Amino acid sequence: MSLTNDIDVLSRVSLFEGFSLDQLRLVAFGAQEVELGAGAQLFRFGEAANGGFVVYTGRVALVNARSEPLNKSFGAGSLIGEMAILTRIMRPNGAIAETDCRLLYISREMFRRVLEEYPALAGRLHARISHNVRSLVAELSAVQEQLSRPVD
């Protein structure tokens, strides 16, 4: 993978929306390439998550604690583990390569350095994530209200 291609893939990931070319270059330069053969485990349910993965080529499927498929898979340009890039968490599920894959691993530590280098970017990212969380809470509240209505 070349730096130019890495930047192109990263530019299509929603977390990096609004990043400048220099900011994307810094993320791409700090990312690590990972190659997996079909059937290989990317990460396991419950392990500490120190970063996320952008799928460069191939498909990765999420699995539960018993390694059973969750009917959720990710292809090229997808980000797996967005929250792990932003905060310390445990993996809520596992991930297995459905096909041969190439991925970019973005560590939380490296991403934090990018945000420290560009504080205005950190502010924009915080505002976007806050908006997304508020929208999710509103959606969940609406579902809760519907479920709590008496059935006729």
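The values are calculated or read from the model by the stated rules, or taken from the named source; none is laboratory data. Treat the numbers as computed from the prediction; the structure is a model and nothing was measured. Every residue, glycine among them, receives a Cβ derived from its backbone with ideal geometry; neighbour counts consider all protein chains shown. Side chains included, ligands, DNA and RNA excluded: accessible areas come from the protein's heavy atoms. Shrake-Rupley method; radii C 1.70, N 1.55, O 1.52, S 1.80 Å.
Some notes on this structure:
- Longest site-free stretch - the chain; sites: GluC sites (Glu not before Pro), DSSP loop, at most 15 other Cβ within 10 Å: 48-152
- The residue list Leu86, Leu24, Tyr56 was ranked by how far each Cα lies along the charge dipole of the chain toward its positive end, using unit charges on Cβ atoms, and Leu86 comes out on top.
- Pairwise inverse Cα distances across the chain, averaged and inverted, put the Kirkwood hydrodynamic radius at 16.7 Å.
- Think of a 1.4 Å ball rolled over the protein heavy atoms: the chain then has 60 Å² of accessible area per residue.
- Charged neighbours of Glu35, selected by a Cβ distance under 10 Å, balance to -1 (K, R count +1; D, E count -1).
- When you restrict to C-alpha pairs under 8 Å that are six or more residues apart and normalise by the size of the stretch 8-85, the relative contact order lands at 30 percent.
- The mean sequence separation of alpha-carbon pairs under 8 Å and at least six residues apart, normalised by the residue count of the stretch 7-152, gives a relative contact order of 28 percent.
- Apportionment of accessible area to carbon and sulfur, the chain, percent (1.4 Å): 53 percent
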